[in-house]
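Read through the structure below, which is laid out as structure tokens, and then see the notes.
The values are calculated or read from the model by the stated rules, or taken from the named source; none is laboratory data. Source: prediction; values computed, not measured. Don't worry about glycine lacking a Cβ; one is built from the backbone with ideal geometry, like all the others, and counts go over all protein chains shown.
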Amino acid sequence: MRSWAAALVFSFAAPAFAQLDPERMMRMAELNDIAGIREALARGADPNTADEHGNTLLAAAAAAGHVELAKFLISQRARINNRNVFGDTPLMAASYHGQLEMARQLIASGAEVNTEGWTPLHYCAWQGHVDLCSMLIDLRARINVRSPNGTTPLMMAVRQDRTNAVKLLLAHRASTDLKNDDGATALSWAIRDNRRDMIELLKQAGALQ
């Protein structure tokens, strides 16, 4: 699986005079330089400035958990549901990195919980961020949502051996019967990796071999 983190590419050598350069601004977002970004926007920079992969300033702030910077960018009309070239939104970035307070802020500002394709729930399940997954589920994230290749959040959690995330998803009636495009199920992945505790957990939930 391609991780959202792998899509973030920052330059550490932007020229000092390039105050509105996208790479420099992305670096400021990563470092939570609110004053620097505020000055850049006052000079005419776009609040939706993005790197070569389409990651915006808000996405960078979301990944790093810089809540106050995110609030400022949103106040400056940063697009909350903007997608990078991989289809990831700022909320997906926050979910991948386990940024719970950031996720709350983004959702309160209009971030979509149920996106098309890969979703925030896929990402937090993959990483095992149980508190964040629980919040998304409480906000009606689709438990059995399928990625473009048919993968569900339960499959993601099993693949990474995230026991607590698996328990959470099963408690909310995640299906153990669904198959991805390769015909794999959550149980077949657990069997392949010889994860005995996970196999038993899935079988107790009704998974059939």
Could you list, in sequence order, all residues of the stretch 70-92 that are crowded, with 19+ Cβ neighbours inside 10 Å and aromatic (Phe, Trp, Tyr)? Phe72
Residue among Ala94, Ala111 that is in a loop (DSSP other than H, G, I, E, B) and either in contact with a His (Cβ under 8 Å, 6 or more places away or on another chain) or within 18 Å of Ala62 (Cβ to Cβ) (or both): Ala111
Any residue in the stretch 21-33 that's assigned by TED's automatic domain parsing to the domain that holds Ala63: show its pairings with residues that are surrounded by 18 or more Cβ atoms within 10 Å (Cβ to Cβ) and in a loop (DSSP other than H, G, I, E, B) at Cβ separation under 6 Å, as long as the two are six or more apart or on different chains. Pro22/Thr49; Met25/Thr49; Met26/Asp51; Asn32/His66
Given (1) in contact with a Lys or Arg (Cβ under 7 Å, 6 or more places away or on another chain); (2) not assigned by TED's automatic domain parsing to the domain that holds Thr163, number of the condition Asn84 does not satisfy: (1)
